[in-house]
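Only one structure is covered here, and it is reproduced in the block below.
Just so it is clear, none of the values below were taken in a lab; they were calculated from the coordinates. Please read these numbers as outputs of a predicted model, since none were measured by experiment. Cβ coordinates were reconstructed from backbone atoms using ideal geometry, including for glycine residues, and neighbour counts include every protein chain displayed.
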Amino acid sequence: MKTFLTVALSFLLVSFSNGQTNPDYDSTLARKLGGDERGMKMYVLVILKSGPNNVQDSIKRAQLFAGHFENINKLAGFKKLIVAGPLDKNEKSYRGIFILDVPTIDEAKVLLDGDPTIKEKIFEPEYYHWYGSAALPEYLEADRKIRK
């Protein structure tokens with residue numbers, strides 16, 4: 001049985017990796033978007049966790065979050081921030097995510113240096129390399145058209 005499964009899996013891998021291509025594949029677009037042979041590229045995923053600073057002053061907190069959203073909009077305008085959004089309450093104190101269109105964690109850290117909620121330790125970022133579709137930045141144009 002184990003041999004059968006090994007042969008079956010090998011056959012499937014060969015079938016999907018050799019000779020089968022997407023009939024809509026556009027190599028020019030893939031190159032333009034920075035995609036590799038799979039149409040994928042490296043991004044940086046940032047998980048924002050609750051930090052140690054729980055600012056109680058409502059005016060200061062509002063100012064910090066205004067700066068947070070200003071930084072989000074600035075990075076999206078530069079097409080460096082592709083996805084951003086909050087998470088539901090959870091046991092790990094994860095508050096939100098960013099997907100940044102940069103290849104290195106060091107570059108991601110530089111981009112987030114301007115976020116006052118990170119500077120003031122309301123949020124603590126965790127950085128991860130994430131491999132996803134090179135077309136992900138194309139989402140920004142549609143988002144601009146549907147967001148009020």
- Message: So for region 21-148, averaging the separation of alpha carbon pairs under 8 Å that are six or more residues apart and normalising by length, what relative contact order in percent results?
- Response: 40 percent
- Item | Sorted peptide list for 72-82, 57-67, criterion being average Cβ within 10 angstrom, highest first | 72-82, 57-67
- Task: For the chain, just the Cα set please: Rg and Dmax, both in angstrom.
- Result: 20.0, 66
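At 222 nm, what value in deg cm²/dmol follows for the chain if DSSP H runs of at least 4 each add -39500 (n - 2.57) and the sum is divided by all its residues, to the nearest 500? Spell out each step's value before the answer.
Values: 6 runs with 62 residues, N = 148.
Using -39500 (n - 2.57) per qualifying helix, the result is -12500 deg cm²/dmol.
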- Select from the chain the helices, each a whole stretch of DSSP H, whose alpha-carbon atoms run 18 Å or more along the helix axis and whose Kyte-Doolittle mean is at least 0.0; answer none if there are none. 2-17
- Task: Return the FRET efficiency for the residue pair Asn22, Ile105: r is the Cβ-Cβ distance, R0 is 25 Å, and the value is rounded to the nearest 0.05.
- Result: 0.20
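Arrange the peptides 40-51, 106-117 so that the one whose residues have, on average, the most other Cβ atoms within 10 Å appears first.
Result, highest mean first: 40-51, 106-117.
Quick check on packing: order 84-91, 28-35, 129-136 by the mean number of other C-beta atoms within 10 Å, highest mean leading.
Numbers: 84-91: 9.9, 28-35: 13.5, 129-136: 15.0.
Order by mean packing, descending: 129-136, 28-35, 84-91.
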